[in-house]
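So the structure is just underneath, and the comments pick up after that.
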Amino acid sequence: MKKKHLAMILSKLRGFENPKAELEQYRTPGNVAAEMLWLAHSMGEIEGKTIADLGAGTGVLGIGACLLGADKVYAVERDIEALEIAGENAKSLGLEGCMEFIESDVSEFSIKVDTVVMNPPFGAQKPRADRPFLVKAFEVSDVVYSIHLAKEEVRRFIEAFVRDNGFKITHRKTVDFEIPAQFFFHRKKLERIKVDVYRFERLTVDGTPV
Ligand code: SAH
């Protein structure tokens, strides 16, 4: 499969029916999801691996990981409505066997995995809403892929937070992220923002990766 093809499949999946502003339910656009998953795949961190998709929403990232040969994906999401759509999306591609759906707050998930993929809330509604996601990701995995706003203050926060938690940034790629006007407070038809796609890796005591 090519990256473009993956992006196309993911962009055709069903999105949020009833997006909840307080949960910041923006689905990851196909191009952004493919960017993250392709990097993870080229690092050998998808195929045959056990993966957690934290705040899985309608399942875009987890389903993409399954398409690229993940052994198993835990899709953790506290909104049951979103999780039902994720289930249907997985089924439409024959991937039910690869995905396990867990209706839970991310802070309660505790299974160790090889790789985390996530698109946490950007914190537009609740400042630092991405924090519990980062905390959990660093607890359950040595390798974490995540998406955050490409803004100076966010970058400074991420850099400090990652370092303070014994991780380092190995990759950061800035990409366009389109958000449809799904919430009343979006005035434009389509909001185009810039996000950073990151790869984080755990450090050992002497500063080298595990
Ligand atoms: N990963 C999906 C959705 C991203 S939107 C995608 O890439 O398309 C962020 C998701 O995190 C939403 O589905 C929201 O319901 C979920 N979420 C927000 N806070 C959460 C929490 N504390 N625990 C679990 N899920 C949460």
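The values are calculated or read from the model by the stated rules, or taken from the named source; none is laboratory data. Owing to the predicted nature of the structure, the values given are computational and were not obtained by experimental measurement. Neighbour counts are summed over all protein chains in view; Cβ atoms, including those assigned to glycine, are modelled from backbone coordinates with ideal geometry. Note: accessible area is taken over every heavy atom of the protein model, side chains too, but ligands, DNA and RNA are not part of it. Shrake-Rupley method; radii C 1.70, N 1.55, O 1.52, S 1.80 Å.
Descending by average beta-carbon neighbour count within 10 Å, the peptides 170-180, 58-68 line up as 58-68, 170-180, the highest first. The calculated FRET efficiency for the pair Arg155 and Lys91, based on their C-beta separation and a Förster distance of 45 Å, comes to about 0.75. Check cross-link reach from Lys49 to the lysines: straight Cα distance under 16 Å, and skip same-chain residues fewer than eight apart. In chain and number order, the partners are Lys72, Lys112.
For the chain, modelled as a GNM with alpha-carbon contacts under 10 angstrom, which of Gly30, Gly57, Gly69 fluctuates the most? Of Gly30, Gly57, Gly69, the Gaussian network model singles out Gly69 as fluctuating most.
Note on the range 1-116: the C-alpha convex hull projects to 6.4 nm² when averaged across all orientations.
Sorting 78-87, 95-104 by average packing, meaning the other beta carbons within 10 Å per residue, from highest down gives 78-87, 95-104.
Modelled spin labels at Met1 and Ala21, positioned 7 Å past Cα toward Cβ, are 3.5 nm from each other. Of all DSSP bridge pairs formed entirely within the range 3-202, close to 55 percent run antiparallel. Summed over the residues of the range 64-210 and divided among them, the accessible surface reaches 50 Å² per residue at a probe radius of 1.4 Å. Projected onto the charge dipole of the chain (+1 at Lys/Arg Cβ, -1 at Asp/Glu Cβ, origin at the Cα centre), which of Ala21, Gly62, Val32 gives the Cα projection farthest towards the positive end? The residue sitting most towards the positive pole is Val32.
Once you sort the root eigenvalues of the Cα gyration tensor of the range 3-202 as a ≥ b ≥ c, which label holds: rounded (a/c under 1.5), prolate (a/b larger than b/c) or oblate (the other case)? Here the range 3-202 falls in the rounded category.
Ile51 sits among other residues whose Cβ lies under 9 Å from its own Cβ, and their net charge, with Lys and Arg +1 and Asp and Glu -1, is -2.
Taking all protein chains in place and a 1.4 Å probe, what share, in percent, of the accessible surface of the range 3-202 do carbon and sulfur account for? So the carbon and sulfur contribution to the accessible surface is 49 percent. Of the residues Val116, Val197, Val135, the one that moves most in a GNM of the chain with alpha-carbon contacts below 10 Å is Val135.
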